[in-house]
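Written out below as structure tokens is the structure these notes cover.
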Ligand code: WTA
């Protein structure tokens, strides 16, 4: 497959960190990075063991990394802890007690600020509330909330009592919620009546009801009242947060957890079948998210840090909640859309709260570019000192715009590559060290033994594309797919079982200086505005519609979203192949999965271009979707007339 991984990008502009930045950075020189990196690879026990000394443990570990049951890693094996004592209690003994932990801004303009002491108090109260509802250590709690403070509080309250949280992004539909609730066997759901988005309210409780009314797994549904959206309450099951949340603070003792106890599940798309519950454990995840946040965001006590990701995605888990809290940071959390009430909302938030570190996604940056510089120029955003991106490859043009217009050609940009599965950032510049290159994630973080290999697992020469693998365990790595160890082994570890490499699923290329550029997914996963979607999942969703006989889905280059979704559909009875039918199918997918999965294009086809052996030629479908002429060898296609018809109709 690596033969197919083409390297087209030629980019050689380099940007060095400024002297002012370097001078104050945690890590200041390439020499320092090299020495730390070398130690992290050669003596991981010493490297991570030393770092872990700084945390609060109920019992210290016997072994820093026990890899005997590979690929299930046991980081800090034998230790006991509670991650919330490290996120919260630990800071209460210091000046951080009265420091702002959370600055929350609602879309309509309401705000809430909580110090570490206050956040601790709220988490303890929410933990007491969950315990009162019968939630115990090891139980799964599903959280489907808008970006309100209760989201962060619920996540931490679960961790405090040792319940495993499963946060579902608020854009998912009831079908997706039902799948996840069932897979996790989650008896408790926390949701809200609704949330704010672009000046309108979105009824979340109704979406949850459509899911949980179809199962008797859910015994309790706790409802936060946020947006005054009409909803129903089922007696005996549904209960308002405000009615059960204790009015008074209680010091709630944190449950003792083993290092390997699962902290959370986060469902994500893979190349096959249903979304999988990626499982993260407690201690390794804690040490990994803490250390990456500290060094990659150069986090200091004076910083005001804003990560725009929703807590429903891994970036929100690791870099809106856990990583920054572990560092005692001041976190900005914003509920709504970047263009409400106007296109300058983000810059307004940055100016208002004097944000110093800003972490967002390339798709957002492309939207800002399109909206125009005037919205940025209205605001004083000179408080910024460091920028980050995540979620998809960033095109050099967007990188340059971010660098010049937001970073005033002064702020380092960390282009961070990682995944739900990796738990924490893996490949990234270090802001005080790395000369950055637009579109390039650059070098591996401490402890990350990244390599680019061919199908046999041999490293490819510099400059040649190949498969990105990780050759050694790292602290924040996933430990399982919920309830499916075989699938965990199969998906990530079977391709290079002999060598014991983790297969990331991305193609990449390394240059002679060791800089790694990510080339995108090599499997059937498409990345739409940084959201991972599986083409298989979209296809099975389409064929579940009674009027669809067969479907093929591909991604294609999209100016704003990175990748758009094109669906090719063969209908059976019921559809006349009209524009209305296309709308019906788009709505169907949005209803089954979520609005972000709505296809950009639907093409009705008489036949799909297949090789004589029956394989769909996706390459051809991608070219049609991108509006290009179909080039290359078509001699193996079975029904060339149907293909020509499809290509011609797509051009109309
Ligand atoms: C892609 C998001 C290029 C990649 C944290 C990966 C990136 C998938 C980058 C994981 C980046 C993430 N450059 N591609 N800086 N960051 N990706 O699980 O394809 O939502 O495999 O985790 O996003 O997406 P996920």
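The values are calculated or read from the model by the stated rules, or taken from the named source; none is laboratory data. Every value quoted in this text rests on a predicted model; they were computed, and no experiment measured them. Backbone-built Cβ (ideal geometry, glycine too); neighbour counts: all protein chains shown.
Below are the figures for this structure:
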read-out: Residues (touching a residue at least 40 places away in the same chain (Cβ under 8 Å) and either in the same structural domain as residue 418 (by TED's automatic domain parsing) or assigned to a strand (DSSP E or B) (or both)) located in region 546-562; value: 550, 552, 553, 554, 555, 556, 557, 558, 562
read-out: Exclusive hit being within 18 Å of the chain's Cα centre (by Cα), in the same structural domain as residue 442 (by TED's automatic domain parsing) and closer than 30 Å to residue 202 by Cα, set 290, 317; value: 317
read-out: Matching residues in region 304-321 - criterion: being touching a residue at least 60 places away in the same chain (Cβ under 8 Å) and more than 16 Å from the ligand (Cβ to nearest atom); value: 304
read-out: Index of the failed condition, residue 39 passing every other in (1) surrounded by fewer than 19 Cβ atoms within 10 Å (Cβ to Cβ); (2) under 13 Å from residue 282 (Cα atoms); value: (2)
read-out: Members of region 615-633 that are in contact (Cβ under 8 Å) with a residue 24 or more places away in the chain and in a loop (DSSP other than H, G, I, E, B); value: 626, 627
read-out: Filtered residues of region 437-490 (kept if surrounded by fewer than 16 Cβ atoms within 10 Å (Cβ to Cβ) and either assigned by TED's automatic domain parsing to the domain that holds residue 11 or not in a loop (DSSP other than H, G, I, E, B) (or both)); value: 455, 456, 458, 459, 461, 462, 463, 464, 485, 486, 490
read-out: Members of region 528-545 found to be outside any helix (DSSP H, G or I) and in contact (Cβ under 8 Å) with a residue 60 or more places away in the chain, listed by number; value: 528, 529, 530, 531, 532, 533, 534
read-out: Test result for residue 72, within 30 Å of residue 490 (Cα to Cα), modelled with pLDDT of 95 or more and not in a strand (DSSP E or B); value: yes
read-out: Residues of region 625-649 satisfying the condition of being touching a helix residue (DSSP H, G or I) at 6+ places or on another chain (Cβ under 8 Å) and modelled with pLDDT under 80; value: 631, 632, 634, 637
read-out: Boolean, residue 543 is crowded, with 19+ Cβ neighbours inside 10 Å and more than 16 Å from the ligand (Cβ to nearest atom); value: no
read-out: Members of region 635-650 found to be closer than 20 Å to residue 602 by Cα and under 40 Å from the mean Cα position of the chain (by Cα), listed by number; value: 642, 643, 644, 645, 646, 647, 648, 649, 650
read-out: Selection within region 185-209 - touching a strand residue (DSSP E or B) at 6+ places or on another chain (Cβ under 8 Å), touching a residue at least 40 places away in the same chain (Cβ under 8 Å) and in a strand (DSSP E or B); value: 188, 189, 190, 191, 192, 194, 195, 196, 202
read-out: Candidate set: region 473-515, residues that are without any contact (Cβ under 8 Å) to a residue 60 or more places away in the chain and touching a helix residue (DSSP H, G or I) at 6+ places or on another chain (Cβ under 9 Å); chosen: the one farthest from residue 267 (Cα to Cα); value: 497
read-out: Residue within region 398-405 that is under 21 Å from residue 315 (Cα atoms), buried (at least 23 other Cβ atoms within 10 Å of the Cβ), within 22 Å of the chain's Cα centre (by Cα) and assigned by TED's automatic domain parsing to the domain that holds residue 29 present; value: yes
read-out: Complete set of residues in region 512-540 that are more than 14 Å from the ligand (Cβ to nearest atom) and within 20 Å of residue 425 (Cα to Cα); value: 514
read-out: Failed condition for residue 246, given (1) touching a residue at least 12 places away in the same chain (Cβ under 8 Å); (2) over 21 Å from residue 124 (Cβ atoms); (3) more than 27 Å from the chain's Cα centre (by Cα); value: (2)
read-out: Output for region 427-436, where each listed residue is within 9 Å of the ligand (Cβ to nearest atom) and assigned to a loop (DSSP other than H, G, I, E, B); value: 428
read-out: Residue match in region 597-604 (condition: modelled with pLDDT of 90 or more, loosely packed, with under 15 Cβ neighbours inside 10 Å and either in a helix (DSSP H, G or I) or assigned by TED's automatic domain parsing to the domain that holds residue 520 (or both)); value: no
